[in-house]
Amino acid sequence: MRHLRLGSLIGMFALLPVSSRAQVRITMAAWTEPVLLDTMRQDHMVRAKPDTVYRAVMRAFDDLGIPVGRTDPKGGIVGSERFERQRELAGSPMAKSFDCGDGPSGPIANFFRLEIAVVAWVAPADGGTKLGLATVASGRDISGVFRNPKDCASTGSLELKVLDRVKRLTGG
């Protein structure tokens, strides 16, 4: 089976051929094994053509401050391989988008530096386009004391912001 590999400095996305469901894996510091992002994927319907939705996803990422990394237009994948943010993302505190647990000062996501991956899958579907979205993060303490990286689960908020922006841009 042929594999395309799209990587960043530390992690990588692995994509299977378009004929099968594309799998996206990312390696992050908080996990000992690669995270299979399509197992976290949430699918949504958008009433617009796939190419229109794909362009809207690219614009939505930019509007929300999510850098676009490697993309696969033929496979319908837009990926932000890894980027780091602290305190705020897409106009909201980090804890709105990611749950890394709580510390003495409140939600850890608001105080750690988060390494984030965001992926969108765009595929034709009856009546429009299926848009799949998934995010994951790994947090590290920036207070100067070394601690093991902390896994951070998505709250779904960032994905909904992307979806809302795409629907506004496409009218779908």
Please work out the Cα center distance from segment 23-44 to segment 45-90, rounded to the nearest Å.
16 Å
Cut-off under 5 Å, modelled amide H: who pairs with Val35 long-range:
Ile26, Thr27, Met28
Go through segment 96-110 residue by residue and turn each phi into a ³J(HN,Hα) via Karplus (6.51, -1.76, 1.60, θ = phi - 60°); whole Hz please, and just put x for glycine and proline.
5, 9, 9, 10, 10, x, 10, x, x, 9, x, x, 4, 4, 6
Between segment 125-172 and segment 93-124, what is the C-alpha centre distance in whole Å?
8 Å
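Just from its helices, what would the mean residue ellipticity at 222 nm be for the chain, if runs of 4 or more DSSP H residues each count -39500 (n - 2.57) and the sum is divided by every residue, rounded to the nearest 500 deg cm²/dmol? Display every interim value, and only then the final one.
Details: 3 runs with 32 residues, N = 172.
Result for the chain: -5500 deg cm²/dmol, rounded to the nearest 500.
Pairs of alpha-carbon atoms within less than 8 angstrom and 6+ residues apart define the contacts here; what relative contact order does segment 19-118 have, in percent?
On the way: 118 pairs, mean separation 19.5, N = 100.
Taking the mean separation of contacting Cα pairs over the length of segment 19-118, I get 19 percent.
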Mind checking the angle between helix 50-63 and the chain's longest principal axis? C-alpha axes, 0 to 90 degrees, to the nearest 10.
30 degrees
If amide H atoms are modeled at 1.01 Å from N in the peptide plane, then the residues at a separation of 5 or more from Glu88, or on another chain, having amide H under 5 Å from its own are Met94
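Kirkwood Rh over Cα pairs of the chain into Stokes-Einstein at 4 °C, 1.567 mPa s: D in µm²/s? Display every interim value, and only then the final one.
Working: Rh = 16.3 Å.
Answer from the Stokes-Einstein relation: 79 µm²/s.
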Integer Hz, Karplus 6.51/-1.76/1.60 couplings in order for segment 133-145, x for Gly and Pro
9, 8, 9, 8, 9, 10, x, 9, 5, 10, 6, x, 8
Taking amide H positions as placed 1.01 Å from N in the peptide plane, with prolines and chain starts having none, which residues 5 or more places from Gly69, or on another chain, fall under 5 Å of its amide H?
Gly79, Ser80, Glu81
If one takes the longest principal axis of the Cα atoms in the chain, at what angle in degrees, from 0 to 90 and to the nearest 10, does the Cα axis of helix 157-170 lie?
30 degrees
Computed ³J(HN,Hα) along segment 38-45: with the Karplus parameters 6.51/-1.76/1.60, θ = phi - 60°, integer Hz and x for glycine or proline, the list is 5, 6, 9, 5, 10, 9, 9, 9
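Throughout, read-outs are computed from the coordinates displayed, never taken from laboratory work. Computed from a predicted model, the values in this text were never measured in an experiment.
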